[in-house]
1. Please compute, for peptide A:120-132, the average count of beta-carbon atoms on other protein chains lying within 10 Å of each residue's beta-carbon.
2. Segment A:1-92: Rg/Rh from Cα coordinates, Kirkwood Rh?
3. Cα extents of segment A:127-274 along the three principal axes, largest first, in whole Å?
4. With a cut-off of 8 Å between alpha carbons and a minimum separation of six or more residues, what is the relative contact order of segment A:127-274 in percent?
5. Please compute one quarter of the surface area of the Cα convex hull for the protein assembly as shown and express it in square nanometres.
6. How high is the relative contact order of chain B, in percent, with contacts defined as C-alpha pairs under 8 Å that are six or more residues apart?
7. Can you check how the C-alpha radius of gyration of chain B compares to 2.2 N^0.38 Å, as a plain ratio?
8. May I ask you to give the average projected area over all directions of the convex hull of the Cα atoms of chain A, in nm² rounded to one decimal?
């Protein structure tokens with residue numbers, strides 16, 4: 001269960017960085033935050049965390065590569081002269097990494113906590129532009145708790161897709177217990193979200209019928225409350241299909257939350273221009289995700305990531 | 001490795017909320033505004049909408065030629081915003097007031113970067129390409145910029161524009177307060193120098209504030225009692241006085257709190273000296289160490305071992 005999640009994270013973050021590379025206007029200058037620090041900038045902290053976290057993820061993933069290729073390095077053609085040095089590096093990694101891996105495991109958790117919360121802090125600089133339903137000093141905590149809550153549902157989502165697509169065991173005996181923890185984690189997020197709305201009195205907007213308000217209702221109702229109630233039922237937790245639906249709703253709910261905070265709820269009062277992604281932007285995003293899925297599928301066939309496939313045994 | 005990871009996520013919420021709520025009292029937020037900045041006072045009751053300031057700005061900043069000549073006042077028929085080709089624009093508003101010949105009385109509003117005392121853009125900029133200078137200018141250093149446009153998200157006046165048409169070296173474009181002219185050459189900003197009716201007064205911000213209030217007090221019938229930019233977002237170097245309420249002239253109503261305050265307070269109380277990551281790292285290390293004894297670590301590095 002860990003390795004597919006790790007692969008998802010590694011590829012996900014790699015493609016986030018690739019996406020950002022396209023997104024920023026001066027792509028060739030992407031290294032500059034390493035040199036010019038602005039400690040007051042939330043974005044600077046996010047950038048540093050993503051940079052370190054990506055490297056941590058690569059290091060965490062390295063043992064899987066080592067396990068597959070150690071002693072079996074066979075590069076094609078003239079590259080074959082590099083076989084021995086590459087194998088040496090893999091052996092070195094195999095000897096050193098298990099001893100220090102705990103550092104990177106903890107660092108991975110710390111870095112993701114830091115930058116998930118900071119992603120929430122990004123909009124705190126714009127109190128006059130973000131709709132009050134989302135603008136709250138709790139934004140960093142809401143981002144952190146929702147990111148934690150979406151973890152296991154994402155594993156279920158991805159494991160269900162991968163095991164179905166590759167014809168493997170469904171792993172329900174692992175997935176079902178995981179989602180019991182999600183009831184608590186998602187419940188925490190829901191309580192914070194509702195509590196924040198009640199304390200700040202922003203429920204007054206709920207029935208005003210604007211696009212922002214409706215998006216908020218969809219986000220909380222379909223993305224949090226409904227799947228949370230679904231997970232409370234043991235029948236749902238044990239049904240592969242129902243569990244998959246609940247987890248899709250949770251993943252979708254967090255996705256919609258992020259879109260709401262950064263796009264739907266973001267309404268600069270003067271330049272009323274409503275942003276909607278251009279076709280090019282959508283195509284680039286879809287292309288990146290498609291490439292990610294292709295590489296995921298490629299890697300799980302080459303590296304020991306999923307359960308040992310039955311086909312491999314019979315082959 | 002899998003075992004430990006799973007343990008961590010059990011603890012994550014505990015740890016996360018401990019960090020977020022650990023209530024380490026935040027250092028009181030400190031403004032980094034310069035003590036004695038320069039500024040510019042715009043008297044909207046004097047402006048005649050001649051667009052000379054736009055022309056001078058275009059000239060001294062070597063901006064691209066406009067689509068319509070600066071003498072062409074039909075440009076005023078529609079509302080414009082400063083953009084990547086014009087650091088400043090003048091718009092015409094009518095409040096419904098008519099003069100003795102039944103003509104609508106116009107009010108002209110010049111727009112440009114307000115040069116905030118505590119600029120949100122400078123706080124937000126990932127590389128510090130935007131900075132508040134001692135003389136009051138919010139300065140843009142293109143050599144640091146990575147083109148992320150977070151400054152545009154941050155700016156409450158929605159001023160920074162961007163050269164979207166340039167795929168390789170796009171710049172963020174906004175009024176420079178003629179930093180070089182003022183600082184090195186001892187001149188006035190292009191717009192303030194050329195204004196034929198003294199609608200623009202350039203000087204020390206403190207002096208300008210006194211002058212603004214003197215004009216308002218001296219002629220309460222001509223002015224509304226509000227200096228826009230005195231208190232908005234903690235104060236701005238550019239300030240306006242007017243005879244028509246500002247909300248009728250396209251000015252947005254803004255809080256008196258400096259924009260960066262909340263984000264910086266949260267950010268600094270969580271991350272000063274990186275104390276929270278270090279504490280979290282220590283806590284998780286403790287959890288891992290404690291769970292090491294009861295769990296087996298045999299699965300480490302072996303394929304499929306952690307399942």
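Any read-out appearing in this document is the output of simple, stated calculations on the displayed coordinates, not a laboratory observation. All figures in this text were calculated on a predicted structure; none of them were measured in a lab. Note that each Cβ is placed from the backbone with ideal geometry, even for glycine, and that neighbours are counted across all protein chains shown.
1. Details: counts 1, 6, 5, 3, 11, 17, 10, 10, 10, 5, 1, 0, 0.
What the average comes to for A:120-132 is 6.
2. On the way: Rg = 17.3 Å, Rh = 15.8 Å.
Here the Rg-to-Rh quotient is 1.10.
3. Projected onto its principal axes, the Cα set of segment A:127-274 covers 55, 30, 25 Å.
4. Numbers: 136 pairs, mean separation 55.1, N = 148.
Across segment A:127-274, relative contact order equals 37 percent.
5. Values: hull surface 136.9 nm².
For the Cα atoms of the protein assembly as shown, the hull's average projected area reads 34.2 nm².
6. Numbers: 493 pairs, mean separation 78.5, N = 307.
Normalised by residue count, the contact order of chain B is 26 percent.
7. 1.36
8. Details: hull surface 80.7 nm².
Projected over every direction and averaged, the Cα hull of chain A covers 20.2 nm².
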